[in-house]
Amino acid sequence: MLYREALNKAIDEAMEIDKSVVILGEDVGRYGGSYRVSEGLFAKYGKERVIDTPIAELSIVGNAIGMAIAGLRPVAEIMTVNFSLLALDQIINHASKFRYMSGGKLAIPLTVRMPGGVSRQLAAQHSESYETIYASIPGLIVFAASNPNYAYHALKKAIFLNDPVIFLEHELLYNEEGEVDFNEDLDPFKAKVVKEGEDITVISYLKMVKDSLKAIEKIEKSLNITCELIDLNSLRPLDMQTIANSIKKTKRAVIVEEDHKSGGYGAEVCARICEELFYELDAPVLRIAGEDVPIPYNRKLELASIPTPDKITAKIISWAKENGV
Amino acid sequence: MNSARVKEFYYLMKLGREFEIRAKEEYMKGNIAGFLHLDIGQEAVSVGSMKAFMKGDVFTHYREHVLAIARGMDPKLVMAELFGKREGVSKGKGGSMHLFEPKLSFYGGDAIVGGHLPIAVGCAYARKIQGENAGVFAIFGDGASNSGAFFESINIAAAWKLPIIFFLENNYYAIGTHISWVSPFVELYNKVKNYMPAVRINGMDVCEVYEEVMRAKNYIENGLGPYFIEAECYRYEGHSMSDSGQYRSKEELEIFKSKDPIENLRKKALKDGLVEESFFKEADRKAQMEVEEAVQFALRASEPEISELYEDLFCKECSNVVS
């Protein structure tokens, strides 16, 4: 099943189960969603539950919060994470704080889906990774879907949680194929060990999981070692237990993210590792991240601005050699 | 207006005024901290609107103590919240600007100017598809009417014919900025005339506020779409306790004080023979007493425990994971 089909199925099933589930966003209805995630839902559920909104992100999320207060379970789609900055006031000042500042009286069962990351030459205002913003906000849950199986299970569960969830997708994953195990009882808050290994722990999320996996194949052959790959899945809360279990075994950690390096999400993961697992480490943590520049249009420059399987491979090999692996 | 109605309006406005005067005193004593925005002078808006709009959902700005009380919130719980106590309506976690009570459909106290408007619009959308025709009442100030959130909200509410009353409390000042410096006109209902019925009323007259909100309520309940009311009013105090109001002339303040909503209702009711003098004396005494009780309750109420710091952040299911 394609990643976008898995997301579609999650929403479709949630809408089928519970009439209070509605979706809203720009082009989600008649058009079918700019990445076809909501395809077919307008015809099936009608315009009251599949709501075409104006291009007004503040209102897309603000309206969704009001719907949540009124007892609906809205799923808002923001076309790309860059546009979510226009809704930041509603997400941060309102959705994340209402339960707390009302002394627990308000619940905001809201899901905000947003695709991001570097796609293909969409330039600076359509190619970003802002997970670090959302993952730093108390009161929010942040899920990041790297594959169809997690996308299906985590989105469906997110819709039925009684708190605001930022659901991050990656634009280059929509047409990725992957198995979905419909019988699995997946815990969306838990990180997943994608591949077991003994010598290095590679921690990643979203599209970089796939790129890291490609890199790991080459690294293992080249160094004759094994690497363990962790897909974080949930960025807030962060599943430190899974990370700790792995690092206690491998003694070495690498973080791979598409986000900018300075203040990027990996900085938090790195800080937590240094704080909590310092004496387990045999080598300094390696951070492989995007460059600190706006994403350029030119393909060569664009690829230079983010990690790629080849760059991940080269950086890990060189770091491993320096640190006596 | 019948006698019972006038008595009710008078009592609630007086209670609101006494509450705010006392809140100011308690602030000076150090029992209340943070930002405290007083409603003194604007009681007609708070009471008239809430008594007309009894059923649907109410979304307010942060100058909302009197709105909350007029909606039916116990002054004790409001005062305890101002004192930051656990017994407060928001367990001491919200304070003066955040008084929420879903049981009263009162979502009061959004302190991001204009930020509650898209939320109110979304709630109105939900009520429409749920078949609840009582709709939504959203109150905001002149400052909010210049924000993007305002214009987005007006547009969406009109495009989707949502059951919502936009109530603009025009007291002319966004903190210290006069509306004429930042808006092409001071009669702000002009901003929305092409979107929905829009009127401007005297917000210093509780009966006029009540009657116009009743009209608006009937309009939205009949599924005709949104309705806009601009009420001209005035706050006698500064924007908050940290504002001495230097930017306004004494003369301007005196003009509006001469239109005082409480005093004028009393005079008019006496003149019309609707209510006898003894009622007002008794009402004044009772209002003071109720506020005194609220203060005593707040003084006796307890401080939250440090262990409550991480409570109320998530639902149970998420809390288990996060902790």
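The values are calculated or read from the model by the stated rules, or taken from the named source; none is laboratory data. Bear in mind the structure is a predicted one, so any value in this text is a computation, not a measurement. Cβ coordinates were reconstructed from backbone atoms using ideal geometry, including for glycine residues, and neighbour counts include every protein chain displayed.
Miscellaneous remarks
- Checking B:VAL78 against (1) modelled with pLDDT of 95 or more; (2) facing another protein chain (nearest Cβ under 10 Å), the condition it does not meet: (2)
- Selected residue [in contact with a helix residue (DSSP H, G or I) (Cβ under 9 Å, 6 or more places away or on another chain), at positive phi, surrounded by fewer than 24 Cβ atoms within 10 Å (Cβ to Cβ) and not polar (S, T, N, Q)] from A:GLY139, A:GLY104: A:GLY139
- Taking the criterion of being more than 10 Å from chain B (Cβ to nearest Cβ) and buried (at least 20 other Cβ atoms within 10 Å of the Cβ), the residues of the range A:36-61 that qualify are A:VAL37, A:SER38, A:LEU41, A:PHE42, A:TYR45, A:VAL50.
- B:ALA158 at pLDDT 95 or above, at the interface with another protein chain (Cβ under 10 Å from one of its Cβ atoms) and either crowded, with 22+ Cβ neighbours inside 10 Å or out of contact with any Asp or Glu (no Cβ under 6 Å at 6 or more places or on another chain) (or both): no
- Within the range B:10-53, restricting attention to residues that are of a type in the set (Val, Ile, Thr) and outside any loop (DSSP other than H, G, I, E, B), the residue that is nearest to B:MET289 (Cα to Cα) is B:ILE21.
- Test: B:GLY148 is facing chain A (nearest Cβ under 10 Å), touching a helix residue (DSSP H, G or I) at 6+ places or on another chain (Cβ under 7 Å), surrounded by fewer than 20 Cβ atoms within 10 Å (Cβ to Cβ) and small (Gly, Ala, Ser): yes
- Of residues in the range B:254-286 being of a type in the set (A, V, I, L, M), under 23 Å from B:CYS233 (Cα atoms) and in contact (Cβ under 8 Å) with a residue 60 or more places away in the chain, the one surrounded by the most Cβ atoms within 10 Å (Cβ to Cβ): B:LEU265
- Some residue of the range A:177-186 being away from chain B (no Cβ under 14 Å) and buried (at least 24 other Cβ atoms within 10 Å of the Cβ): no
- Any hit, the range A:157-164, residues being buried (at least 20 other Cβ atoms within 10 Å of the Cβ) and of a type in the set (D, E, K, R): yes
- Residues of the range A:191-200 that are in a loop (DSSP other than H, G, I, E, B) and surrounded by 18 or more Cβ atoms within 10 Å (Cβ to Cβ): A:ALA191, A:GLY197, A:ASP199.
- Test: residue in the range A:201-220 that is among the β-branched types (Val, Ile, Thr), outside any helix (DSSP H, G or I), assigned by TED's automatic domain parsing to the domain that holds A:SER38 and in contact with a strand residue (DSSP E or B) (Cβ under 6 Å, 6 or more places away or on another chain): no
- Members of the range B:157-179 that are free of Cβ contacts under 8 Å to residues at least 60 places away in the same chain and among the acidic types (Asp, Glu): none
- Residue in the range B:163-175 that is within 13 Å of chain A (Cβ to nearest Cβ) and crowded, with 23+ Cβ neighbours inside 10 Å present: yes
- Exclusive hit being more than 9 Å from chain A (Cβ to nearest Cβ) and of a type in the set (Lys, Arg), set B:LYS85, B:LYS93: B:LYS85
- Selection count, the range B:258-276, where residues are part of a helix (DSSP H, G or I) and under 20 Å from B:GLY16 (Cα atoms): 9
- Against the test of being assigned by TED's automatic domain parsing to the domain that holds A:ALA64 and touching a residue at least 24 places away in the same chain (Cβ under 8 Å), the options A:SER136, A:SER102 yield a single qualifying residue, A:SER136.
- Subset of the range A:20-35 that is away from chain B (no Cβ under 14 Å) and of a type in the set (D, E, K, R) - its residue that is nearest to B:ILE112 (Cα to Cα): A:ASP27
- Count of the range A:15-68 residues which are farther than 21 Å from B:ALA120 by Cβ, outside any loop (DSSP other than H, G, I, E, B) and under 24 Å from the mean Cα position of the chain (by Cα): 4
- With respect to (1) part of a loop (DSSP other than H, G, I, E, B); (2) farther than 19 Å from A:TYR35 by Cα, the lone exception for A:TYR174 is condition (2).
- Matching entry among A:ASN224, A:ASN183, A:ASN245, A:ASN233 (being in contact (Cβ under 8 Å) with a residue 60 or more places away in the chain and outside the structural domain of A:PHE143 (by TED's automatic domain parsing)): A:ASN233
- Pairs are defined by a Cβ separation below 8 Å, a sequence spacing of at least 6 or placement on different chains, a first member in the range B:296-323 that is facing chain A (nearest Cβ under 9 Å), and a second member that is of a type in the set (Lys, Arg) and assigned to a loop (DSSP other than H, G, I, E, B); the pairs so defined are B:ASP312/B:LYS91; B:ASP312/B:LYS93.
- Restricting the range A:62-114 to residues that are of a type in the set (D, E, K, R) and within 11 Å of chain B (Cβ to nearest Cβ), the residue that is farthest from A:ILE141 (Cα to Cα) is A:LYS105.
- Residue match in the range B:104-113 (condition: at the interface with another protein chain (Cβ under 9 Å from one of its Cβ atoms) and on the phi > 0 side of the Ramachandran plot): yes
- Checked across the range A:115-127, the condition of being within 20 Å of A:ASP12 (Cα to Cα) and more than 14 Å from chain B (Cβ to nearest Cβ) holds for at least one residue.
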